[in-house]
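The values are calculated or read from the model by the stated rules, or taken from the named source; none is laboratory data. Note that this is a predicted model, so its numbers are computed, not measured. Note: ideal-geometry Cβ built from the backbone for every residue, glycine included; neighbour counts use all protein chains shown.
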Amino acid sequence: MSTREIALVSGAGSGIGRAVSLVLAARGAHVGVLDLSRENAEETVALVDEAGGTATPLAADVSNLESLASAIDSFAHSGEGLDTVIAAAGVARGGLIQRMSEAAWDHVIDVNLKGTFLLARQTLPLLQRRGGGAFVAVSSDAGVMGSVAYGAYCASKHGVIGLVKAMALDHGREGIRSNVVCPGFVDTPMAQRIFSKAPPGTRAAFEKAVPMGRFAAPQEVAAVIAHLSSREAAYTNGCVYLVDGGSSAGHLIGQCLNDGTGS
């Protein structure tokens, strides 16, 4: 059995998933780069190759068991198993509950929550085969708080946290550590699409509401994920790690009133 780390990252064609694929490859892992778009997966693999790492492009719909199982089987065909699994595939869709179609609700839940479940279902035996490993899911600050007009997204991301906590209890004794990161807004294509449809000044207002005054870079979230999946976090299991610049710490009403100068 190879001693080289073998990692699988979903949603790896862009954003956080792409960033964490590059970080894992840089530390020597061979990375399965899984994305709905094969073209995007291949772009990530090309970046890994340029940086001196190795990766394999995989195309699958995380919400479809047959599609996902086929892609994972093709990557893990050697029977060596997996050391690291990162569930970073996700979608964001807003809308008030009474105006949201059932199809829109299902899409958000299917990708964000069911997709994480299916990825765990298919990869836990592969982590067990290696005698343990790390499963890290990407939730959101909307997984620990509510968000205006994002009921489906909040429900899906709260569910991811509950799922990962249950996994931590169920598989900790097997040496499988299950943790979840909760980013605030990250400067990814997903965030760019959201704000491109919003009124002018919306992004600036959201950035001002963050205590650190800006959104995260994908690489900053990837660094936390890499830590949680590393030997440095060997006793970290069931952790909910907020990466939101302090947004969930409280309200900035006073700072907004005083423009940061106090009184």
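GLU50 passes every criterion in (1) surrounded by 16 or more Cβ atoms within 10 Å (Cβ to Cβ); (2) free of Cβ contacts under 8 Å to residues at least 40 places away in the same chain; (3) not β-branched (Val, Ile, Thr) apart from (1). Screening PHE117, PHE135 for residues that are outside any helix (DSSP H, G or I), of a type outside the set (Val, Ile, Thr) and within 19 Å of LEU65 (Cα to Cα) leaves exactly one candidate, PHE135.
So, in the range 140-159, of the ones that are of a type in the set (S, T, N, Q) and not in a helix (DSSP H, G or I), which residue ends up surrounded by the most Cβ atoms within 10 Å (Cβ to Cβ)?
Step by step, filter the range 140-159, then rank; the result is SER140.
Residues that are touching a residue at least 60 places away in the same chain (Cβ under 8 Å), within 22 Å of VAL20 (Cα to Cα) and crowded, with 22+ Cβ neighbours inside 10 Å do not occur anywhere in the range 189-202. Inspect all residues belonging to the range 204-218 and state whether any of them is under 25 Å from VAL108 (Cα atoms), touching a residue at least 60 places away in the same chain (Cβ under 8 Å) and either surrounded by 15 or more Cβ atoms within 10 Å (Cβ to Cβ) or among the polar types (S, T, N, Q) (or both). Looking through the range 204-218, at least one residue is under 25 Å from VAL108 (Cα atoms), touching a residue at least 60 places away in the same chain (Cβ under 8 Å) and either surrounded by 15 or more Cβ atoms within 10 Å (Cβ to Cβ) or among the polar types (S, T, N, Q) (or both). For the range 235-255, filtered to residues that are loosely packed, with under 12 Cβ neighbours inside 10 Å and more than 30 Å from ILE176 (Cβ to Cβ), the residue that is modelled with the lowest pLDDT is GLY254.
Residues in the range 210-233 that are more than 15 Å from ASP187 (Cα to Cα) and assigned to a loop (DSSP other than H, G, I, E, B) were compared, and the one that is nearest to the chain's Cα centre (by Cα) is SER229.
Among the residues of the range 92-107 satisfying the criterion of being surrounded by 10 or more Cβ atoms within 10 Å (Cβ to Cβ) and among the charged types (D, E, K, R), which is farthest from the chain's Cα centre (by Cα)?
Checking each candidate, the answer is ASP106.
None of ASP49, ASP83, ASP61, ASP73 is among the acidic types (Asp, Glu) and under 16 Å from the mean Cα position of the chain (by Cα) except ASP61.
Considering each of ALA25, ALA12, ALA59, ALA89 in turn, give the residue that is in contact with a helix residue (DSSP H, G or I) (Cβ under 8 Å, 6 or more places away or on another chain), closer than 22 Å to THR188 by Cβ and surrounded by fewer than 24 Cβ atoms within 10 Å (Cβ to Cβ).
ALA59
Note on the range 224-234: residues that are in contact (Cβ under 8 Å) with a residue 24 or more places away in the chain and surrounded by fewer than 15 Cβ atoms within 10 Å (Cβ to Cβ) total 1.
Residues in the range 128-177 that are more than 29 Å from ARG93 (Cα to Cα) and either free of Cβ contacts under 8 Å to residues at least 12 places away in the same chain or charged (D, E, K, R) (or both): ARG129, ARG130, ASP170, ARG173, GLU174, ARG177. Taking residues in the range 1-30 that are within 20 Å of PRO125 (Cβ to Cβ), and partners anywhere that are of a type in the set (Lys, Arg), the pairs with Cβ atoms closer than 8 Å and at least 6 places apart or on different chains are MET1/ARG130; GLU5/ARG27; ILE6/ARG130; ALA29/ARG4; HIS30/ARG4.
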